[in-house]
Every structure is written in structure tokens, then in C-alpha cells.
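Reviewing the structure listed below.
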Amino acid sequence: MNAPGGVQLRPLADTDLPRLHRWLHEPHVLEWWGGEDAAPTLDEVHAHYGPRIRAEDGVQAWIAFKTGPDGAEQAIGYAQSYTAMGSGDGWWADETDPGMRGIDQFLADGSRLGQGLGTQLVRALVDRLFADPAVTQIQTDPHPTNRRAIRCYEKAGFRAVEEIVTPDGTALWMVQRRPRV
């Protein structure tokens, strides 16, 4: 699916897992995805992301690509979404809207941060999710000190609602509602 700025999303595949494993060890990813103690082994990546590939855990996962000036595609990051209601493990226990989706994503290359590429990725993900008429709103929950992520989400149309406490700690709950036609 084409998206603004040439960012495309395709479903995560088994062949992507070694690349995802490398990305999950990048310092800029580790900073916000659990820290160095959470750097997974390749076997752990297979165990955690394999169910997403097989649609067994309710999380949809994608690899994001950017088409260059020469028309070649370059993998630029990872994105995932899930239905917030009933997601379990202490997450979104009070959510009653079956159309609420949650998102998470990261760029693979830390040298590409701050160039608008993350905003393009988030917009591509939002467009994909809102293409489903059952999706009413989309939420995300960056750490309140992750100013780069918060600004990215704001540029992609999200609005801060409030600080909350999640199973991962304090977060800024941000929401984007389906645009009215």
C-alpha cells in the first residue's frame, strides 16, 4: 500500500526476523524499547514475533519501506498495531471501544531520526488502519520524556490526552480519531 512520502508497509515475514533482531539492538531503539537488558536473542525474536507473522496473537506487524529516487525500496523500520480492548496483560483494561487500535513503531537507522521519516511512517500506518471502517480511533503511548516521538505523533495528527501509568510505566496517552467526512 503506497503512503505519503513513498513509505509503504508490508506484513512482517519470517525472512525479516534476522533484520528485526539487528534493529532491536540499535541504541536508539533500545532506549525506548526496554533498554539494553531487553536486547533479545534471535531465538527470542522468533518466539515473540513469530505469532504476529502467523496472526496468532492479535498484533499486526509490518516492515516499513521507503522508495528512493532510483525507485529502489529500502527497509526503514518496524510498525505494529493491535486492538486495545481486551489486549490483556494489564494493558488498556478500561477500554470499551472495539474500534480503538494501538500502535508502536520505530525507525531502523538512528542517523535518519529528525528528518520527518518517522512522521511519514506513522501517517502510512494511520492511513492503513483507517482504511478499515471498523477502526474508530488510534492511540499511542510514548514515554513523556520522549519529545522526538511526541512531536512525530503530533505532526501525524495525534493529540495528547493525559499522562497515564501502563504496565511499562508512565506514558503520554495520545489519540487520533477517525476523520469526519
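The table for this structure:
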| item | result |
| --- | --- |
| Candidate set: the stretch 32-52, residues that are surrounded by 14 or more Cβ atoms within 10 Å (Cβ to Cβ) and within 15 Å of the chain's Cα centre (by Cα); chosen: the one nearest to S81 (Cα to Cα) | R52 |
| The listed residue being over 23 Å from E31 (Cα atoms) and touching a strand residue (DSSP E or B) at 6+ places or on another chain (Cβ under 6 Å), out of L129, L172 | L129 |
| Qualifying residue in the stretch 119-126 (condition: in contact with a Lys or Arg (Cβ under 6 Å, 6 or more places away or on another chain) and β-branched (V, I, T)) | yes |
| Residue list for the stretch 141-160, filter: under 17 Å from L117 (Cβ atoms) and β-branched (V, I, T) | I150 |
| Strands (runs of 3 or more DSSP E) contained in the stretch 48-147 and holding at least 3 residues over 25 Å from P179 (Cβ atoms) and in contact (Cβ under 8 Å) with a residue 60 or more places away in the chain | 73-83 |
| Residue ID - modelled with the lowest pLDDT, chosen from residues in the stretch 14-48 that are of a type in the set (A, V, I, L, M) and touching a strand residue (DSSP E or B) at 6+ places or on another chain (Cβ under 8 Å) | V29 |
| Flag if M100 is modelled with pLDDT of 95 or more and either under 18 Å from D168 (Cα atoms) or crowded, with 16+ Cβ neighbours inside 10 Å (or both) | yes |
| V135, sole failed condition from (1) in contact with a helix residue (DSSP H, G or I) (Cβ under 7 Å, 6 or more places away or on another chain); (2) surrounded by fewer than 21 Cβ atoms within 10 Å (Cβ to Cβ); (3) closer than 21 Å to T15 by Cβ | (3) |
| Filter result for A55 (out of contact with any strand residue (DSSP E or B) (no Cβ under 6 Å at 6 or more places or on another chain), surrounded by fewer than 15 Cβ atoms within 10 Å (Cβ to Cβ) and more than 24 Å from A156 (Cα to Cα)) | yes |
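The values are calculated or read from the model by the stated rules, or taken from the named source; none is laboratory data. Note that this is a predicted model, so its numbers are computed, not measured. Don't worry about glycine lacking a Cβ; one is built from the backbone with ideal geometry, like all the others, and counts go over all protein chains shown.
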